[in-house]
């Protein structure tokens, strides 16, 4: 479409939109913009890049160490020259600007300096990494280059070293404080009050300060089944000592008053604010997940038909999860025959308890929480009616649990 035709089309559309009363129409010029020119990309010939370099075999290609300030560790690197010519080897430390923390060359020493690795021969180099006493906690990285063979790296002033290995050092400080539990999950009722305990142990030789608080982060959590809301400071009271003495344990009491209007899931984070350089901030958090339960006022009703049967078996199973699973798993049952209310007791009761060993948590204090933790509970009642009356039967179940199943077998 040329410019003249485009201008006529615009005038026609404006005239139709304005109607017959339009007298003056301003001409609009359409300017075509050429597409941007493609950015030239140089084709890289990988085989050509390796023409002027000599590759050797390095094992391992990656090494990760976990050391405390002042510690050192030695590991061995195996080299093999598969070429038909000698290779000059000179190990050294190389760093790149995109590393957040770099391994300083003063941290690393080699038992071999510059030497010649003859064709088809092998060699070993012992690498010693010593972390300074004043090193800060964190992850440090570097490259160990063994030869001068390089080729350019795009968008970097430094070249790529062909014969290299990666070294990562995690400088850590052993924590002196242990926290249990890390996560509290419970089922609560609107308007109720609940108390939870967090146990904190100071295994060090110096007093440790602590200032716990209810913390509300920027994270947003979603639950596909229930609305989620954050706990308000006015509903949470925290009682805790400000100092934990050496080789002693402290209890942080968290009291939660559930609002009478609460629904769905209440979430919160207790940030302990312990002065322990070995504990990262996120390791000092205890998550609260409280599921607000509202007992239904109307029972669940199941109607079934019985015709000339010899036996009816009704099986009801209820399940609950969390620290109060066993206490919050129950149901009321009423059974109706065609003649009216039937007074019947369960002929069989089955209880299933899910248990985990507290040893899997840190620390496993037997006197505080015991060596076992109940995580789930399932209760099953079986009702058997011999020679049932023919007609319509009905079962009513009013649960005080989170879920249940019902099965009716007519024989």
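Please treat every number below as a calculation from the coordinates, not as lab data. It should be emphasised that the depicted structure is a prediction, and the values quoted were computed from it without experimental measurement. All Cβ positions, glycine included, derive from the backbone under ideal geometry; neighbour counts span all protein chains shown.
May I ask you to work out the translational diffusion coefficient for segment 58-131 at 10 °C, viscosity 1.306 mPa s, via Stokes-Einstein with Rh from the Kirkwood sum over Cα pairs, reported in whole µm²/s? Could the numbers behind the result be given before it?
On the way: Rh = 13.9 Å.
Calculated translational D: 114 µm²/s.
With r as the distance between the Cβ atoms of residue 52 and residue 121 and R0 = 22 Å, compute the FRET efficiency 1/(1 + (r/R0)^6) and round to 0.05.
Details: r = 22 Å, r/R0 = 1.01.
So the FRET efficiency works out to roughly 0.50.
Using only the alpha-carbon atoms, what does segment 168-304 span along each of its principal axes? Please give whole angstrom values in decreasing order.
Cα spread of segment 168-304 along its principal axes, largest to smallest: 67, 38, 31 Å.
Quick one: if you stick a label point 7 Å off each Cα along the C-beta vector at residue 100 and residue 390, how many nm between them?
The modelled label-to-label distance comes out at 7.7 nm.
Label-point separation (nm) for residue 287 and residue 257, each offset 7 Å from Cα along Cα-to-Cβ?
With each label point 7 Å from Cα toward Cβ, the separation is 2.8 nm.
Using r as the Cβ-Cβ distance of residue 205 and residue 239, and R0 as 22 Å, what FRET efficiency do you calculate, to the nearest 0.05? Kindly include the intermediate steps, with their values, before the conclusion.
Working: r = 26 Å, r/R0 = 1.20.
Here the calculated transfer efficiency is 0.25.
Would you calculate the separation in nanometres between label points at residue 275 and residue 308, each defined as 7 Å from the Cα along the Cα-to-beta-carbon direction?
The answer from the label model is 8.6 nm.
When the C-alpha atoms of segment 89-238 are aligned to their principal axes, what extent does each axis show, in angstrom, from largest down?
80, 43, 28
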